[in-house]
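Please see the structure below; I have some questions.
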Amino acid sequence: MIDTANLPTVLVVDDEPSVLESFHAIFDGRFNVVTARSGNEALKKVARGSINVVFLDIALPDADGLQVLRSIRQCDGNVSVIMATASDSARMAVQALQWGACDYITKPFDAQELISAADKALRQERLTRKILSARAPQETCLFENIIGNGKKMKEIYSVIEKVITNDATVLISGESGTGKELIARAIHYNSGRKQKPFVPINCAGIPSNLLESELFGHERGAYTDATCQKLGMFELAHEGTLFLDEISGLKLEVQANLLRALEEREIRRLGGVRIIKIDVRIIAATNVDLRRAVEEKRFRHDLFYRLNVIPVYLAPLRERKEDIPLLVSHFVGKYNQVFRKNVDGFSADAMKYMTDYDWPGNVRELKNVVERLIALKDGGVIAPQDLPFDIFVKGSVRKSLDQAGALRQASKGFERKYIETVLERVGGNQVKAAKILGIHRNALFNKMKNFGLKKQAQGK
Ligand SMILES: Nc1ncnc2c1ncn2[C@@H]1O[C@H](COP(=O)(O)OP(=O)(O)OP(=O)(O)O)[C@@H](O)[C@H]1O
Ligand SMILES: [Mg+2]
(Lines give C-alpha, C1' and ligand atoms only; values in the text may rest on other atoms or scores of the structure.)
(Ligands and ions follow the chains in the order given, each with its own letter.)
Protein backbone atom coordinates (compact mmCIF):
# COMPACT_ATOMS: atom_id res chain seq x y z
CA MET A 1 0.00 0.00 0.00
CA ILE A 2 1.24 3.51 -0.86
CA ASP A 3 1.75 6.03 1.91
CA THR A 4 -0.34 8.97 0.71
CA ALA A 5 0.57 11.27 3.57
CA ASN A 6 3.46 12.93 1.79
CA LEU A 7 1.93 13.12 -1.65
CA PRO A 8 0.86 16.48 -3.00
CA THR A 9 -2.89 17.02 -3.10
CA VAL A 10 -4.88 17.69 -6.22
CA LEU A 11 -8.46 18.91 -6.07
CA VAL A 12 -10.54 17.96 -9.10
CA VAL A 13 -13.69 20.00 -9.61
CA ASP A 14 -16.17 18.51 -12.06
CA ASP A 15 -19.83 17.58 -11.88
CA GLU A 16 -19.32 14.47 -14.00
CA PRO A 17 -18.67 11.39 -11.80
CA SER A 18 -16.86 9.57 -14.61
CA VAL A 19 -14.36 12.42 -14.94
CA LEU A 20 -13.63 12.29 -11.22
CA GLU A 21 -13.16 8.53 -11.48
CA SER A 22 -10.65 8.83 -14.27
CA PHE A 23 -8.59 11.38 -12.33
CA HIS A 24 -8.45 8.96 -9.43
CA ALA A 25 -7.19 6.24 -11.75
CA ILE A 26 -4.61 8.40 -13.54
CA PHE A 27 -3.17 10.09 -10.44
CA ASP A 28 -3.16 7.02 -8.26
CA GLY A 29 0.17 6.79 -6.43
CA ARG A 30 1.32 10.24 -7.66
CA PHE A 31 -1.11 12.57 -5.97
CA ASN A 32 -3.77 12.54 -3.30
CA VAL A 33 -6.96 13.19 -5.18
CA VAL A 34 -9.73 15.17 -3.53
CA THR A 35 -12.89 15.87 -5.49
CA ALA A 36 -15.66 18.45 -5.54
CA ARG A 37 -18.77 18.46 -7.65
CA SER A 38 -19.63 22.13 -7.35
CA GLY A 39 -17.92 25.50 -7.11
CA ASN A 40 -19.09 25.90 -3.57
CA GLU A 41 -17.71 22.61 -2.40
CA ALA A 42 -14.44 23.40 -4.16
CA LEU A 43 -14.07 26.70 -2.35
CA LYS A 44 -14.72 25.10 0.99
CA LYS A 45 -12.00 22.54 0.35
CA VAL A 46 -9.51 25.17 -0.78
CA ALA A 47 -10.31 27.28 2.27
CA ARG A 48 -9.48 24.34 4.51
CA GLY A 49 -5.93 24.50 3.12
CA SER A 50 -3.46 21.80 2.04
CA ILE A 51 -4.53 21.79 -1.62
CA ASN A 52 -1.60 22.21 -4.00
CA VAL A 53 -3.19 22.05 -7.43
CA VAL A 54 -6.78 22.45 -8.63
CA PHE A 55 -8.23 21.07 -11.86
CA LEU A 56 -11.30 23.18 -12.41
CA ASP A 57 -13.98 22.54 -14.99
CA ILE A 58 -15.04 25.81 -16.56
CA ALA A 59 -18.65 24.68 -16.97
CA LEU A 60 -20.06 23.88 -13.54
CA PRO A 61 -23.72 23.47 -12.71
CA ASP A 62 -23.86 25.90 -9.80
CA ALA A 63 -21.48 28.62 -10.90
CA ASP A 64 -19.37 30.07 -13.64
CA GLY A 65 -15.97 28.34 -13.49
CA LEU A 66 -14.18 31.62 -14.04
CA GLN A 67 -15.91 33.09 -11.05
CA VAL A 68 -14.90 30.08 -8.97
CA LEU A 69 -11.36 30.52 -10.24
CA ARG A 70 -11.41 34.08 -9.03
CA SER A 71 -12.79 33.11 -5.64
CA ILE A 72 -10.19 30.36 -5.25
CA ARG A 73 -7.40 32.78 -6.05
CA GLN A 74 -8.79 35.28 -3.56
CA CYS A 75 -9.01 32.57 -0.94
CA ASP A 76 -5.52 31.17 -1.50
CA GLY A 77 -3.36 33.13 -3.91
CA ASN A 78 -0.69 30.42 -4.03
CA VAL A 79 -2.62 27.40 -5.13
CA SER A 80 -2.13 26.56 -8.83
CA VAL A 81 -5.32 26.27 -10.84
CA ILE A 82 -5.59 24.45 -14.16
CA MET A 83 -8.76 25.15 -16.08
CA ALA A 84 -10.43 22.38 -18.00
CA THR A 85 -12.23 23.77 -21.02
CA ALA A 86 -14.10 22.45 -23.99
CA SER A 87 -11.84 22.32 -27.02
CA ASP A 88 -13.57 25.20 -28.76
CA SER A 89 -13.34 27.86 -26.06
CA ALA A 90 -10.01 29.57 -26.63
CA ARG A 91 -11.47 32.86 -25.47
CA MET A 92 -12.41 31.35 -22.14
CA ALA A 93 -8.95 29.86 -21.79
CA VAL A 94 -7.34 33.24 -22.32
CA GLN A 95 -9.65 34.82 -19.80
CA ALA A 96 -8.81 32.06 -17.32
CA LEU A 97 -5.10 32.81 -17.67
CA GLN A 98 -5.77 36.50 -17.16
CA TRP A 99 -7.61 35.69 -13.97
CA GLY A 100 -4.73 33.75 -12.55
CA ALA A 101 -5.09 30.18 -13.82
CA CYS A 102 -1.62 28.75 -14.36
CA ASP A 103 -2.61 26.56 -17.32
CA TYR A 104 -5.54 25.07 -19.18
CA ILE A 105 -6.28 21.69 -20.70
CA THR A 106 -8.94 20.79 -23.18
CA LYS A 107 -11.41 17.96 -23.08
CA PRO A 108 -11.27 15.05 -23.79
CA PHE A 109 -8.26 14.51 -21.54
CA ASP A 110 -5.14 12.61 -22.35
CA ALA A 111 -3.61 10.87 -19.31
CA GLN A 112 -0.03 11.90 -20.05
CA GLU A 113 -1.07 15.48 -20.67
CA LEU A 114 -2.85 15.57 -17.30
CA ILE A 115 0.18 14.25 -15.47
CA SER A 116 2.60 16.70 -17.02
CA ALA A 117 0.19 19.62 -16.46
CA ALA A 118 -0.12 18.62 -12.79
CA ASP A 119 3.66 18.32 -12.38
CA LYS A 120 4.21 21.71 -13.93
CA ALA A 121 1.50 23.31 -11.78
CA LEU A 122 2.99 21.75 -8.68
CA ARG A 123 6.42 23.20 -9.46
CA GLN A 124 4.76 26.59 -9.93
CA GLU A 125 2.91 26.28 -6.64
CA ARG A 126 6.07 25.38 -4.72
CA LEU A 127 7.91 28.30 -6.26
CA THR A 128 5.16 30.77 -5.37
CA ARG A 129 5.01 29.57 -1.78
CA LYS A 130 8.78 29.74 -1.50
CA ILE A 131 8.91 33.30 -2.81
CA LEU A 132 6.10 34.31 -0.51
CA SER A 133 7.66 32.78 2.53
CA ALA A 134 10.97 34.47 1.76
CA ARG A 135 9.13 37.74 1.45
CA ALA A 136 6.78 37.18 4.34
CA PRO A 137 8.59 39.15 7.05
CA GLN A 138 8.34 42.39 5.08
CA GLU A 139 5.28 41.94 3.00
CA THR A 140 2.57 40.22 4.99
CA CYS A 141 2.46 43.05 7.44
CA LEU A 142 3.52 41.49 10.66
CA PHE A 143 3.75 43.52 13.77
CA GLU A 144 7.45 44.26 13.22
CA ASN A 145 6.50 46.05 10.06
CA ILE A 146 4.90 48.88 11.92
CA ILE A 147 7.52 51.49 12.54
CA GLY A 148 7.36 54.12 15.24
CA ASN A 149 8.21 54.14 18.92
CA GLY A 150 6.73 57.42 20.05
CA LYS A 151 4.09 57.54 22.76
CA LYS A 152 1.20 57.53 20.30
CA MET A 153 2.43 54.44 18.45
CA LYS A 154 3.11 52.64 21.70
CA GLU A 155 -0.51 53.15 22.65
CA ILE A 156 -1.52 51.63 19.31
CA TYR A 157 0.70 48.58 19.94
CA SER A 158 -0.89 47.97 23.29
CA VAL A 159 -4.37 48.06 21.73
CA ILE A 160 -3.28 45.63 19.01
CA GLU A 161 -1.86 43.27 21.61
CA LYS A 162 -5.21 43.17 23.29
CA VAL A 163 -7.41 42.74 20.25
CA ILE A 164 -5.40 39.95 18.64
CA THR A 165 -6.54 37.62 21.37
CA ASN A 166 -10.23 38.13 20.65
CA ASP A 167 -12.67 38.77 17.82
CA ALA A 168 -13.83 42.23 18.82
CA THR A 169 -14.78 44.61 16.04
CA VAL A 170 -12.18 47.33 15.50
CA LEU A 171 -12.74 50.75 13.96
CA ILE A 172 -9.53 52.39 12.76
CA SER A 173 -9.67 56.07 11.96
CA GLY A 174 -7.00 58.41 10.71
CA GLU A 175 -6.06 60.60 7.78
CA SER A 176 -5.10 59.07 4.49
CA GLY A 177 -1.71 57.39 4.57
CA THR A 178 -1.46 57.02 8.36
CA GLY A 179 -1.33 53.21 8.17
CA LYS A 180 -4.90 52.06 8.75
CA GLU A 181 -4.67 49.07 6.45
CA LEU A 182 -1.25 48.20 7.83
CA ILE A 183 -2.73 48.03 11.34
CA ALA A 184 -5.73 46.02 10.13
CA ARG A 185 -3.41 43.46 8.54
CA ALA A 186 -1.22 43.34 11.61
CA ILE A 187 -4.27 42.52 13.72
CA HIS A 188 -5.35 39.77 11.35
CA TYR A 189 -1.92 38.21 10.85
CA ASN A 190 -1.23 38.12 14.55
CA SER A 191 -4.62 36.75 15.51
CA GLY A 192 -5.92 33.21 15.68
CA ARG A 193 -7.47 33.79 12.25
CA LYS A 194 -4.16 34.29 10.46
CA GLN A 195 -4.37 31.05 8.49
CA LYS A 196 -7.70 32.19 7.01
CA PRO A 197 -8.22 34.95 4.47
CA PHE A 198 -7.87 38.66 5.11
CA VAL A 199 -10.42 40.12 2.71
CA PRO A 200 -10.30 43.88 2.10
CA ILE A 201 -13.14 45.72 0.44
CA ASN A 202 -13.24 49.39 -0.39
CA CYS A 203 -16.74 50.57 0.46
CA ALA A 204 -16.31 53.95 -1.21
CA GLY A 205 -15.00 52.75 -4.54
CA ILE A 206 -17.90 50.54 -5.61
CA PRO A 207 -21.45 51.66 -6.58
CA SER A 208 -24.02 50.53 -3.97
CA ASN A 209 -25.83 47.97 -6.08
CA LEU A 210 -22.56 46.22 -6.91
CA LEU A 211 -21.30 46.63 -3.37
CA GLU A 212 -24.19 44.63 -1.98
CA SER A 213 -23.45 41.76 -4.28
CA GLU A 214 -19.72 42.05 -3.50
CA LEU A 215 -20.48 41.83 0.20
CA PHE A 216 -23.28 39.29 0.26
CA GLY A 217 -22.88 37.48 -3.06
CA HIS A 218 -25.78 36.67 -5.34
CA GLU A 219 -27.59 33.75 -6.85
CA ARG A 220 -27.82 33.15 -10.55
CA GLY A 221 -30.57 35.37 -11.97
CA ALA A 222 -30.72 37.68 -8.94
CA TYR A 223 -30.63 40.52 -11.43
CA THR A 224 -30.15 40.91 -15.16
CA ASP A 225 -26.37 40.61 -15.19
CA ALA A 226 -26.21 37.84 -12.63
CA THR A 227 -25.52 35.01 -15.02
CA CYS A 228 -24.00 32.84 -12.35
CA GLN A 229 -23.83 32.42 -8.65
CA LYS A 230 -21.27 34.47 -6.81
CA LEU A 231 -19.88 34.21 -3.32
CA GLY A 232 -19.72 37.46 -1.40
CA MET A 233 -16.87 38.82 0.68
CA PHE A 234 -18.55 37.63 3.88
CA GLU A 235 -18.36 34.07 2.62
CA LEU A 236 -14.86 34.46 1.23
CA ALA A 237 -13.65 35.81 4.55
CA HIS A 238 -15.15 32.83 6.39
CA GLU A 239 -13.20 32.27 9.64
CA GLY A 240 -10.91 35.12 8.59
CA THR A 241 -11.13 38.89 8.69
CA LEU A 242 -13.26 41.21 6.58
CA PHE A 243 -11.67 44.66 6.27
CA LEU A 244 -14.30 47.26 5.44
CA ASP A 245 -12.20 50.14 4.17
CA GLU A 246 -13.56 53.69 3.81
CA ILE A 247 -16.69 52.68 5.63
CA SER A 248 -18.11 56.23 5.51
CA GLY A 249 -18.64 55.70 1.79
CA LEU A 250 -21.49 53.24 2.43
CA LYS A 251 -24.88 54.39 1.25
CA LEU A 252 -27.63 54.31 3.87
CA GLU A 253 -29.42 51.33 2.37
CA VAL A 254 -26.23 49.26 2.36
CA GLN A 255 -25.57 50.37 5.92
CA ALA A 256 -28.92 48.89 6.94
CA ASN A 257 -28.12 45.54 5.36
CA LEU A 258 -24.63 45.47 6.79
CA LEU A 259 -25.99 46.21 10.25
CA ARG A 260 -28.44 43.35 9.94
CA ALA A 261 -25.69 40.96 8.86
CA LEU A 262 -23.48 41.99 11.77
CA GLU A 263 -26.27 41.75 14.30
CA GLU A 264 -27.62 38.44 13.17
CA ARG A 265 -24.26 36.97 12.17
CA GLU A 266 -25.84 35.59 9.04
CA ILE A 267 -26.46 36.68 5.48
CA ARG A 268 -28.51 35.78 2.48
CA ARG A 269 -27.10 36.08 -1.03
CA LEU A 270 -28.98 38.55 -3.25
CA GLY A 271 -31.85 36.68 -4.85
CA GLY A 272 -31.29 33.77 -2.48
CA VAL A 273 -33.41 32.29 0.27
CA ARG A 274 -30.89 30.19 2.13
CA ILE A 275 -29.53 31.68 5.31
CA ILE A 276 -25.76 31.46 5.55
CA LYS A 277 -24.06 31.69 8.94
CA ILE A 278 -21.03 33.93 8.94
CA ASP A 279 -17.93 33.76 11.07
CA VAL A 280 -15.78 36.78 10.32
CA ARG A 281 -13.92 39.32 12.30
CA ILE A 282 -14.76 42.84 11.20
CA ILE A 283 -12.22 45.62 11.02
CA ALA A 284 -13.49 48.89 9.57
CA ALA A 285 -11.50 51.98 8.60
CA THR A 286 -12.37 55.57 7.94
CA ASN A 287 -10.44 58.69 7.06
CA VAL A 288 -13.31 61.02 7.88
CA ASP A 289 -14.78 61.70 11.29
CA LEU A 290 -17.55 59.10 11.53
CA ARG A 291 -19.10 60.73 14.59
CA ARG A 292 -19.65 63.85 12.55
CA ALA A 293 -21.16 61.75 9.75
CA VAL A 294 -23.51 60.32 12.39
CA GLU A 295 -24.45 63.80 13.60
CA GLU A 296 -25.13 64.84 10.04
CA LYS A 297 -27.25 61.72 9.57
CA ARG A 298 -25.07 60.38 6.78
CA PHE A 299 -24.10 57.37 8.85
CA ARG A 300 -26.42 55.26 11.00
CA HIS A 301 -25.65 55.68 14.66
CA ASP A 302 -26.55 52.05 15.45
CA LEU A 303 -24.03 50.84 12.85
CA PHE A 304 -21.44 53.27 14.20
CA TYR A 305 -21.79 51.81 17.70
CA ARG A 306 -21.62 48.29 16.39
CA LEU A 307 -18.36 49.06 14.56
CA ASN A 308 -16.79 51.31 17.16
CA VAL A 309 -16.27 48.58 19.75
CA ILE A 310 -12.50 49.05 19.86
CA PRO A 311 -11.60 52.45 18.43
CA VAL A 312 -8.05 52.94 17.16
CA TYR A 313 -7.06 56.45 16.19
CA LEU A 314 -3.94 56.91 14.10
CA ALA A 315 -2.65 60.43 14.59
CA PRO A 316 -1.35 62.30 11.53
CA LEU A 317 2.41 62.15 11.14
CA ARG A 318 2.81 65.87 11.89
CA GLU A 319 1.52 65.12 15.39
CA ARG A 320 4.03 62.35 16.02
CA LYS A 321 7.17 63.79 14.49
CA GLU A 322 9.30 61.78 16.89
CA ASP A 323 8.63 58.78 14.62
CA ILE A 324 9.95 60.49 11.47
CA PRO A 325 13.69 59.69 11.80
CA LEU A 326 12.92 56.04 12.48
CA LEU A 327 10.54 55.83 9.52
CA VAL A 328 13.08 57.53 7.28
CA SER A 329 15.85 55.13 8.19
CA HIS A 330 13.51 52.15 7.88
CA PHE A 331 12.58 53.16 4.33
CA VAL A 332 16.20 54.00 3.45
CA GLY A 333 17.11 50.42 4.39
CA LYS A 334 14.18 49.01 2.52
CA TYR A 335 14.75 50.91 -0.72
CA ASN A 336 18.52 50.43 -0.61
CA GLN A 337 17.66 46.75 -0.76
CA VAL A 338 14.99 47.11 -3.42
CA PHE A 339 17.15 49.20 -5.74
CA ARG A 340 20.43 47.52 -4.73
CA LYS A 341 21.85 50.86 -3.66
CA ASN A 342 24.12 51.87 -0.86
CA VAL A 343 22.88 55.30 0.13
CA ASP A 344 24.15 56.31 3.57
CA GLY A 345 20.98 58.00 4.68
CA PHE A 346 20.14 61.63 5.34
CA SER A 347 22.48 64.37 6.51
CA ALA A 348 21.47 65.98 9.81
CA ASP A 349 20.33 69.07 7.88
CA ALA A 350 18.25 67.05 5.45
CA MET A 351 16.66 65.13 8.32
CA LYS A 352 15.75 68.44 9.92
CA TYR A 353 13.85 69.39 6.76
CA MET A 354 12.12 66.02 6.87
CA THR A 355 11.00 66.50 10.47
CA ASP A 356 9.97 70.11 9.91
CA TYR A 357 7.74 69.27 6.96
CA ASP A 358 4.12 68.65 7.87
CA TRP A 359 3.46 65.56 5.67
CA PRO A 360 -0.13 66.06 4.48
CA GLY A 361 0.04 62.58 2.87
CA ASN A 362 1.42 61.11 6.12
CA VAL A 363 3.56 57.94 6.12
CA ARG A 364 2.60 57.08 2.53
CA GLU A 365 4.03 60.41 1.34
CA LEU A 366 7.18 59.97 3.41
CA LYS A 367 7.67 56.47 2.08
CA ASN A 368 7.27 57.65 -1.52
CA VAL A 369 9.69 60.52 -1.00
CA VAL A 370 12.37 58.21 0.39
CA GLU A 371 11.75 55.70 -2.38
CA ARG A 372 12.27 58.34 -5.06
CA LEU A 373 15.37 59.75 -3.37
CA ILE A 374 17.03 56.36 -3.08
CA ALA A 375 16.10 55.45 -6.65
CA LEU A 376 17.77 58.62 -7.93
CA LYS A 377 20.85 58.65 -5.70
CA ASP A 378 23.93 56.58 -6.44
CA GLY A 379 25.41 56.57 -2.97
CA GLY A 380 26.61 59.01 -0.34
CA VAL A 381 24.37 61.08 1.87
CA ILE A 382 21.10 62.77 1.00
CA ALA A 383 21.49 66.53 1.39
CA PRO A 384 18.78 69.21 1.69
CA GLN A 385 19.20 70.11 -1.99
CA ASP A 386 18.30 66.55 -2.98
CA LEU A 387 14.92 66.85 -1.30
CA PRO A 388 11.74 67.37 -3.29
CA PHE A 389 10.89 70.97 -4.03
CA ASP A 390 8.01 71.11 -1.57
CA ILE A 391 9.97 69.92 1.41
CA PHE A 392 13.07 71.96 0.61
CA VAL A 393 11.29 75.19 -0.27
CA LYS A 394 8.72 75.08 2.51
CA GLY A 395 11.49 74.31 4.96
CA SER A 396 13.68 77.14 3.67
CA VAL A 397 10.84 79.65 3.66
CA ARG A 398 9.94 78.66 7.18
CA LYS A 399 13.57 78.99 8.23
CA SER A 400 13.92 82.44 6.74
CA LEU A 401 10.62 83.46 8.33
CA ASP A 402 11.95 82.19 11.63
CA GLN A 403 15.11 84.19 11.15
CA ALA A 404 13.14 87.27 10.15
CA GLY A 405 11.06 86.73 13.25
CA ALA A 406 14.20 86.52 15.33
CA LEU A 407 15.49 89.79 13.85
CA ARG A 408 12.18 91.48 14.50
CA GLN A 409 12.30 90.18 18.03
CA ALA A 410 15.86 91.41 18.48
CA SER A 411 15.16 94.86 17.14
CA LYS A 412 12.08 95.14 19.33
CA GLY A 413 14.17 94.23 22.33
CA PHE A 414 16.77 96.77 21.33
CA GLU A 415 14.14 99.51 20.80
CA ARG A 416 12.60 98.90 24.20
CA LYS A 417 15.96 99.03 25.93
CA TYR A 418 16.94 102.21 24.08
CA ILE A 419 13.71 104.03 24.98
CA GLU A 420 14.04 102.93 28.57
CA THR A 421 17.60 104.23 28.77
CA VAL A 422 16.72 107.60 27.21
CA LEU A 423 13.78 108.00 29.56
CA GLU A 424 16.07 107.33 32.52
CA ARG A 425 18.57 109.86 31.26
CA VAL A 426 15.95 112.60 31.03
CA GLY A 427 14.42 111.65 34.36
CA GLY A 428 11.25 110.36 32.76
CA ASN A 429 10.50 113.56 30.86
CA GLN A 430 8.61 112.34 27.83
CA VAL A 431 8.85 115.59 25.90
CA LYS A 432 12.62 115.61 26.18
CA ALA A 433 12.84 111.91 25.50
CA ALA A 434 10.70 112.22 22.34
CA LYS A 435 12.98 114.99 21.12
CA ILE A 436 16.11 112.91 21.67
CA LEU A 437 14.49 109.88 20.05
CA GLY A 438 13.31 111.98 17.12
CA ILE A 439 9.69 110.90 17.35
CA HIS A 440 6.44 112.61 18.28
CA ARG A 441 5.31 112.58 21.90
CA ASN A 442 2.23 110.55 21.02
CA ALA A 443 4.34 107.96 19.23
CA LEU A 444 6.54 107.65 22.29
CA PHE A 445 3.47 107.29 24.48
CA ASN A 446 2.18 104.42 22.29
CA LYS A 447 5.52 102.65 22.24
CA MET A 448 5.82 102.92 26.03
CA LYS A 449 2.36 101.41 26.30
CA ASN A 450 3.21 98.56 23.91
CA PHE A 451 6.50 97.78 25.61
CA GLY A 452 4.90 97.97 29.04
CA LEU A 453 7.17 100.82 30.14
CA LYS A 454 5.77 102.63 33.14
CA LYS A 455 5.67 106.33 33.39
CA GLN A 456 8.37 107.35 35.80
CA ALA A 457 7.98 109.93 38.46
CA GLN A 458 9.62 112.96 36.86
CA GLY A 459 12.49 114.38 38.77
CA LYS A 460 12.75 118.17 38.73
N1 LIG B 1 3.87 53.07 11.04
C2 LIG B 1 4.21 52.64 9.81
N3 LIG B 1 5.34 51.94 9.63
C4 LIG B 1 5.71 51.53 8.40
N5 LIG B 1 5.01 51.76 7.28
C6 LIG B 1 3.87 52.45 7.40
C7 LIG B 1 3.41 52.93 8.67
N8 LIG B 1 2.25 53.58 8.49
C9 LIG B 1 1.99 53.51 7.17
N10 LIG B 1 2.95 52.84 6.51
C11 LIG B 1 3.03 52.59 5.05
O12 LIG B 1 2.44 53.71 4.41
C13 LIG B 1 1.59 53.29 3.35
C14 LIG B 1 0.18 53.74 3.59
O15 LIG B 1 -0.37 52.97 4.66
P16 LIG B 1 -1.87 52.43 4.60
O17 LIG B 1 -2.24 52.01 3.24
O18 LIG B 1 -2.03 51.45 5.69
O19 LIG B 1 -2.61 53.80 4.95
P20 LIG B 1 -4.17 54.11 5.06
O21 LIG B 1 -4.35 54.81 6.35
O22 LIG B 1 -4.94 52.86 4.82
O23 LIG B 1 -4.37 55.14 3.89
P24 LIG B 1 -5.70 55.47 3.02
O25 LIG B 1 -6.67 56.14 3.95
O26 LIG B 1 -5.21 56.41 1.98
O27 LIG B 1 -6.19 54.18 2.50
C28 LIG B 1 1.74 51.79 3.27
O29 LIG B 1 2.72 51.50 2.31
C30 LIG B 1 2.19 51.39 4.64
O31 LIG B 1 2.94 50.22 4.61
MG1 LIG C 1 -6.18 52.36 3.24
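Counting pairs of alpha carbon atoms under 8 Å apart in space and at least six apart in sequence, what relative contact order in percent does the stretch 4-131 give? Intermediate values should be presented prior to the final figure.
Numbers: 204 pairs, mean separation 27.9, N = 128.
With pairs under 8 Å counted, the relative contact order is 22 percent.
Okay, next question. Which peptide among 443-451, 257-265, 178-186 comes first, and what is the full order, when sorted by highest mean count of other Cβ atoms within 10 Å? Walk me through the intermediate numbers first.
On the way: 443-451: 14.2, 257-265: 16.1, 178-186: 22.0.
Ranking, from highest mean packing down: 178-186, 257-265, 443-451.
May I pose another question? Lys120: which lysines have alpha carbons under 16 Å from its alpha carbon, excluding same-chain residues fewer than 8 sequence positions away?
Filter leaves Lys130.
Heavy atoms only, probe 1.4 Å: what % of the accessible area of the stretch 320-451 goes to carbon and sulfur, would you let me know? Could you put the intermediate results ahead of the total?
Working: 4380 of 7980 Å².
Accessible surface attributable to carbon and sulfur in the stretch 320-451 totals 55 percent.
Please give the calculated 222 nm ellipticity per residue for the chain, where each DSSP H segment of at least 4 residues contributes -39500 (n - 2.57) and the sum is spread over every residue; nearest 500 deg cm²/dmol?
-15500 deg cm²/dmol
Right, here's the next one. In whole percent, what relative contact order does the chain give with Cα contacts below 8 Å and a gap of six or more residues?
11
Taking the highest mean first, how do the peptides 362-369, 29-36 order by number of other beta carbon atoms within 10 angstrom per residue?
Details: 362-369: 19.4, 29-36: 17.8.
With the highest mean Cβ count within 10 Å placed first, the list reads 362-369, 29-36.
Set the Förster distance to 41 Å, then compute FRET efficiency between Glu41 and Ala204 from the Cβ-Cβ distance, nearest 0.05.
On the way: r = 34 Å, r/R0 = 0.83.
After rounding to 0.05, the efficiency reads 0.75.
Now for a separate question. Between Lys162 and Lys321, what is the label-to-label distance in nm when each label sits 7 Å out along the Cα-to-Cβ direction?
In this crude spin-label approximation the distance works out to 3.1 nm.
Under the 0.36 nm per residue contour assumption, what length would be gained going from the current alpha-carbon distance of Ser176 and Leu127 to full extension?
Values: separation 49, 0.36 × 49 = 17.64 nm, distance 3.51 nm.
Contour length minus the Cα-Cα distance gives 14.1 nm.
Continuing with the same structure: How high is the FRET efficiency between Phe445 and Lys417 when r is their beta carbon distance and R₀ equals 25 Å, given to the nearest 0.05? List each step's numbers first, then the result.
Working: r = 18 Å, r/R0 = 0.72.
Efficiency for this residue pair is about 0.85.
What percent do you get for the relative contact order of the stretch 230-280 when only Cα pairs under 8 Å and 6+ apart count?
Computed over the stretch 230-280, the figure is 47 percent.
May I ask you to derive the FRET efficiency for Arg274 and Glu16 from their Cβ-Cβ distance with R0 = 25 Å, giving the value to the nearest 0.05? Before the final figure, lay out each step's value.
Details: r = 25 Å, r/R0 = 1.00.
With a Förster radius of 25 Å, E is 0.50.
How far is helix 252-264 tilted, in degrees, relative to the longest principal axis of the Cα atoms in the chain, given as a value from 0 to 90 rounded to the nearest 10?
Taking the Cα atoms of the chain, the angle to 252-264 is about 60 degrees.
Between Arg30 and Asp62, what is 0.36 nm times their sequence separation minus the Cα-Cα distance? Round to one decimal in nm. Don't skip to the end; give the middle numbers.
Working: separation 32, 0.36 × 32 = 11.52 nm, distance 2.97 nm.
Once the chain is fully extended between Arg30 and Asp62, it gains 8.5 nm.
With a/c under 1.5 counting as rounded, go ahead and sort the chain into rounded, prolate or oblate using the C-alpha gyration tensor (a ≥ b ≥ c being the square roots of the eigenvalues; past the cut-off, prolate if a/b is larger than b/c, else oblate). Write out the running numbers ahead of the final one.
Values: a/c = 3.74, a/b = 2.41, b/c = 1.55.
In terms of gyration-tensor shape, prolate.
The values are calculated or read from the model by the stated rules, or taken from the named source; none is laboratory data. It should be emphasised that the depicted structure is a prediction, and the values quoted were computed from it without experimental measurement. Please note: Cβ atoms are built from the backbone with ideal geometry, for glycine as well, and neighbour counts cover all protein chains shown. Only protein heavy atoms, including side chains, enter the accessible area calculation; ligands, DNA and RNA are left aside. Shrake-Rupley method; radii C 1.70, N 1.55, O 1.52, S 1.80 Å.
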